[in-house]
1. With every protein chain present, what is the per residue accessible area of the chain (1.4 Å probe, Å²)?
2. Go through F18, F44 and list them by solvent-accessible area, largest first, probe radius 1.4 Å.
3. Quick check: residue separation of K228 and L81 times 0.36 nm, minus the Cα distance between them. What number comes out in nm?
4. Want the number for E88 to L14: 0.36 nm per residue separation, take away the alpha-carbon distance, what's left?
5. What distance in nm separates the two pseudo spin-label positions at I108 and R157, each 7 Å out from Cα along the beta-carbon direction?
6. Residues with beta-carbon under 14 Å from that of K5, excluding K5: net charge, scoring Lys, Arg +1 and Asp, Glu -1?
7. For the chain, what relative contact order do you get, as a whole percent, if you take Cα pairs closer than 8 Å and at least 6 residues apart?
8. Probe radius 1.4 Å, ligands and nucleic acids ignored: give me the carbon and sulfur share of the accessible area of region 4-139 as a rounded percent.
Amino acid sequence: MFKLKLICHAMIALLPSFLKKPIYRLICGYSIGKRAKIGFSILFVDNLEIGDDVSIGHFNIFFRSSKLAVGSNTKIGHFNLIRGGEVEIGRYVEIIRFNELNSIPDPIVSNETDPRLSIGDGSIITTSHKIDFTDRVKIGKRTIIGGRNSSLWTHNRQETRPIIVGDFCYVGSEVRIAPGGEIPSSNVIGIGSVITNKLSGEYQLFGGVPARLIKPLDDEGKRLTRFKTRPDLPDEIE
């Protein structure tokens, strides 16, 4: 039965957007908002909610999540994988391309897990990042996971710990966040940093292996953290 359902969803994915939306609503019970556009992507989850004016590009796979909610005006580009757990993507978010957002099913660990991913309003995940949310990952509003090839890992071989990235943060390329890592709001993380614990303070630049305080942000750095992530971002997302 599972394979048959997967084949059916793959076939629906090949249909043009104006045909697949009513099929998803009537047959799959998905909630899809007005003016939403869905490319050639597989949407195979238990419970799907897509807001108004959402754009989902081609060759994405949404697979086996218990719940996936996508807020209004969000843009999901091409070749992204969202798999497992419970996912909440806010309004005016951008997930651009080649990102892997994955929760390991039935992990063999010694603690209770909370496989949830939440991405705050107006945040951006750029290209080729990996986010493991076998345990909870929370990314705040208007935060940018920038550049390429950063990874957030909530699990090791024996246990999991959640990861938190606050509001108004900028995380550079090839950053690694280990289980239990936490970035407070309004901070910048330099390229190649490794975060192994909870950082402290705000309006600061952190960098290195392991990440440490480099310096307080100057006016230009503070402006970077408060810069609007999208031109159409409403002023209410503050």
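The values are calculated or read from the model by the stated rules, or taken from the named source; none is laboratory data. Just so it is clear, the structure is predicted and the values come from calculations on it, not from any experiment. With ideal geometry, Cβ positions are generated from the backbone for all residues, glycine too; neighbour counts draw on all protein chains shown. Surface areas here come from the heavy atoms of the whole protein model, side chains and all, with no ligands, DNA or RNA. Shrake-Rupley method; radii C 1.70, N 1.55, O 1.52, S 1.80 Å.
1. 49 Å²
2. Details: F18 145, F44 25 Å².
The ordering from most to least exposed comes out as F18, F44.
3. 50.3 nm
4. Numbers: separation 74, 0.36 × 74 = 26.64 nm, distance 2.53 nm.
In short, 24.1 nm is gained.
5. It is 1.1 nm.
6. Net of charged neighbours comes to +1.
7. 10 percent
8. Working: 3660 of 6320 Å².
Answer for region 4-139: carbon and sulfur cover 58 percent of the accessible area.
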